Amino acid sequence: MATDTEPGRRHRRCCAQDTPDAPKVPDSRGDSDGPRRGSLCERHCAAINNVQGDLGELGCHLHRPRVPPATSSPSCCQQHSEEVCESCLVKTTLTAENAVEANKLSNNYKFGFKKWKSHVTERPWEDRSEIVKELYSDLNIVRGSGGSTLTCGNVLYLLLFGWWLSLLYVLVAAVMFITVMGAPYGRLCWDLAGYFLWPFGKVIQKMEVPKSHQACEAGVGESSALLGGPTALRWRPRGWVGTGYWHHASTAVWLCLGYPVLALAHGLVCVSAWLLIVLIPVAKLSARAASRVLLLPPGRVLIRALRMTEVPLEGEVILCCYRAANPYYYKYAVDGINVFAVNLLPLVLVTLVLGYVDSPNHLTGSAVKFTLALLSIMPLSYYIGMAIASISAQSNFAVGAVVNATFGSITELTFYISALIKGSREGNRCYAEVVKSALTGTLVGCVLFVPGLCMVIGGIRHQEQRFNSRSAGVSSALLFLSVGGVFAPTLFSKVYGKLVCGECHNVTQNPLGHYLCHNCHFDLMDNNGTLYYSHVQPLVYTVSILLPAAYLIGLFFTLKTHTHIYDIHISDCHMPGHHHSAVVHWSRWRALLILLLSTLCMSACADLATEHISPILTNSTISQYFIGVTVLAMVPELPEIVNGIQFALQNNLSLSIEIGNCIAVQVCMLQIPILVLFTIFYPTNFTLVFSDLHVYASMFSVVLMNYIFMDGKCDYFQGTVLVMVYFILLAVYFFAPSPSGC
């Protein structure tokens, strides 16, 4: 990796003087060169500290320095401008809204900690953009000019919900008119039929009771016909049902014949629109109609269309909708949980119920259950990640480090261990080979696909992105070490193992001629397993001890002795009118409970996935290598991929790269040693000897990644190269024959 030159380090010390938390290191160089460089450094650092970039929805500000055009002489610029730019661009200053968010942002830049994009505390309302404010606003705001209501989303509402919902209101209105006593509600349903056919640009208001008649309703609370409260006798609005017997009879007819049917229909619309996400305004519209409009007396509901510049009459606005769809609802969150994770949570319940209740596969087959179990891992990975980030942000460094080390790889380990246990019980070596393929696929995907995809998507918005090459160098060094350690037993077996082939044919009809052999592999069990048990197995145990030790040394290096590598300074943002008291989405105990429940559900889903993967492995024409390196490897990492893309879009490519590197390092230095340790207490078919394809793909990926990250800057072209190489490797795995034992 590229290292900083001596002048670059000298300039970083100067920049660190403007950062309160950065240690001041005296310069031991001569006075002749120091003052001239110091003045230039101060000018650049002063310009850098005045430049602030916004991280958008993250709720903090990322200060990315951009050096202005130099004002000194051309010779001075040619001599120092390049080193100033290279060194100062590494410095990053983050301002957070409160101490909890500051701790979370700091953890994002710590090696070995889970990187989390979303907020763990509630953002101040005034800090949110107008687009986000509109997402969380109720449908009761009347705009002076709503624009044209003929949009694609509104037409989609008409085709999906509007026509049959309006027809249902017409039928209910007919039933209400037939009962005679429900005629006022029939007229209300007739008016609502026209409203729900095309509700855009229309308003539903709750008519106010005249002040002269409010005394009659004092102490009653909500003036609703359903509550049976007394109402003024002299005031008779349109649709008034009177009091006494007629009033109660009309209400009873409505509650028995009309309201349940419409409430059920609105509930169906609400759930369907919510699952589509972009149609969440329709879900809000239906929920508010069922809970407010249909529970009001018919005479208190006023439906009217608004003109472009018309201001509505005085009174409470219950519903006013202009758009049925909003593409920005992918940002919507419920109690800090993204709407996608909320929508996928019922899938976990369906998977568990269907998997354990329908064990004989009467309702669905193994392929459907395997797919559901695999999809259920995605929301559970999200909940585990958010719980870890919440606990770490609200705790000290020691607690955060323990939680990240304990639960950081729990998603992958639960699936791997479940597969190894099932393979050991059935005596099937195919499960061990699938686990090796998944480990290799995670390593290759996080080294090539994750950073490459982030570079491509981030490069569309930003022409050139820079990242901290020194911090990336630490991860690259650990990757080289981990890949060498993991594949050392494989290389050892290739050198000293005995090549055994299943079938050999003489192609020259000469006993001493050439032979064509199939199904060849290196046998480590020759001479009663002497080579394996006396040489390979001790080497595996040695590597499994050294790799976690190297990981701990890397943690100590980046988190204690050399924290200045990241050049991160986090300070609170003090803005007028802001309150800095943190209101966390999940408290520590709540996050811990969610973490444990998610881990338990993850274990159950992993058990179901391994239970129903056997028919897919045996009956599928696709290579088991390909299934392992794609589906089983990358599906659990989808939340991390989304986080990396969001960081890249906000020009924070350092975190996007660190997400992939940290996962790859944890695969080699934590997950594989844990699996080896597990095989000691529970014997399985898992051995740390990989196929040649896994070895070559992993080593080539690490070398290519290190070459791309050398200069500390990238663009979409370099990201495209990484993604294309990843797809080429996938093609190789797709056409590769299945491993022996499968």
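The values are calculated or read from the model by the stated rules, or taken from the named source; none is laboratory data. For clarity, every value in this text was computed on a predicted model and none was experimentally measured. When we count neighbours, we look across all protein chains shown, and the Cβ atoms used for this are built from the backbone with ideal geometry, even at glycine. Ligands, DNA and RNA are stripped out before the accessible areas are found, and what is left, the full protein with its side chains, is counted by its heavy atoms. Shrake-Rupley method; radii C 1.70, N 1.55, O 1.52, S 1.80 Å.
Of the residues making up the range 393-426, just one is under 20 Å from the mean Cα position of the chain (by Cα) and among the charged types (D, E, K, R), namely Glu412.
Give Gln666, Gln671 a once-over and let me know the one that is part of a helix (DSSP H, G or I), at pLDDT 85 or above and open to solvent by 10 Å² or more (accessible area, probe 1.4 Å). Quick ask: steps written out before the conclusion?
Details: Gln671 fails: open to solvent by 10 Å² or more (accessible area, probe 1.4 Å).
Only one candidate passes the filter, namely Gln666.
What tally of residues in the range 341-367 results from selecting those that are in a helix (DSSP H, G or I) and either touching a Lys or Arg at 6+ places or on another chain (Cβ under 6 Å) or open to solvent by 50 Å² or more (accessible area, probe 1.4 Å) (or both)? Can you show your working first?
To start, the set of residues in the range 341-367 that are in a helix (DSSP H, G or I) comprises 341-357, 366-367.
Restricting the remaining residues to those that are either touching a Lys or Arg at 6+ places or on another chain (Cβ under 6 Å) or open to solvent by 50 Å² or more (accessible area, probe 1.4 Å) (or both) gives 344-346, 349-350, 353, 355-357, 367.
Of the residues in the range 341-367, 10 are in a helix (DSSP H, G or I) and either touching a Lys or Arg at 6+ places or on another chain (Cβ under 6 Å) or open to solvent by 50 Å² or more (accessible area, probe 1.4 Å) (or both).
Applying the set (1) modelled with pLDDT of 65 or more; (2) touching a Pro at 6+ places or on another chain (Cβ under 8 Å); (3) open to solvent by less than 60 Å² (accessible area, probe 1.4 Å) to Ser571 leaves exactly one unmet item: (1).
Tally time: how many residues in the range 372-404 are of a type in the set (S, T, N, Q) and either over 26 Å from Val334 (Cβ atoms) or modelled with pLDDT under 85 (or both)?
Here is the first cut: in the range 372-404, the residues of a type in the set (S, T, N, Q) are 376, 381, 390, 392, 394-396, 404.
Retained after the next criterion (residues that are either over 26 Å from Val334 (Cβ atoms) or modelled with pLDDT under 85 (or both)): 395-396, 404.
Residues flagged as of a type in the set (S, T, N, Q) and either over 26 Å from Val334 (Cβ atoms) or modelled with pLDDT under 85 (or both) within the range 372-404 amount to 3.
Please find, within the range 705-722, the residue that is least open to solvent (accessible area, probe 1.4 Å) out of those that are of a type in the set (A, V, I, L, M) and at pLDDT 90 or above. Spell out how you get there, then give the answer.
If we filter the range 705-722 for residues that are of a type in the set (A, V, I, L, M), which is where we start, we get 705, 708, 710, 721-722.
Cutting the leftovers down to at pLDDT 90 or above gives us 721-722.
Numbers: Val721: 49, Leu722: 0 Å².
Here the residue is Leu722.
When residues in the range 600-626 are screened for being part of a helix (DSSP H, G or I), among the β-branched types (Val, Ile, Thr) and either open to solvent by 20 Å² or more (accessible area, probe 1.4 Å) or without any contact (Cβ under 8 Å) to a residue 60 or more places away in the chain (or both), 2 of them pass.
Report yes if some residue within the range 690-704 is more than 18 Å from Glu658 (Cα to Cα) and either part of a loop (DSSP other than H, G, I, E, B) or not assigned by the TED database to the domain that holds Gln624 (or both); otherwise report no. Yes, the range 690-704 has at least one match. Here the range 321-361 is the region considered, the condition is being small (Gly, Ala, Ser) and over 30 Å from Ala305 (Cα atoms), and the residue that is modelled with the lowest pLDDT is Ser359. Of everything in the range 316-340 that is part of a helix (DSSP H, G or I) and open to solvent by less than 20 Å² (accessible area, probe 1.4 Å), the residue that is farthest from Val203 (Cα to Cα) is Val339.
Tell me, please, whether a residue that is farther than 30 Å from Glu658 by Cβ and either at pLDDT 65 or above or surrounded by 17 or more Cβ atoms within 10 Å (Cβ to Cβ) (or both) can be found in the range 476-490. Among the residues of the range 476-490, not one is farther than 30 Å from Glu658 by Cβ and either at pLDDT 65 or above or surrounded by 17 or more Cβ atoms within 10 Å (Cβ to Cβ) (or both), which makes the answer no.
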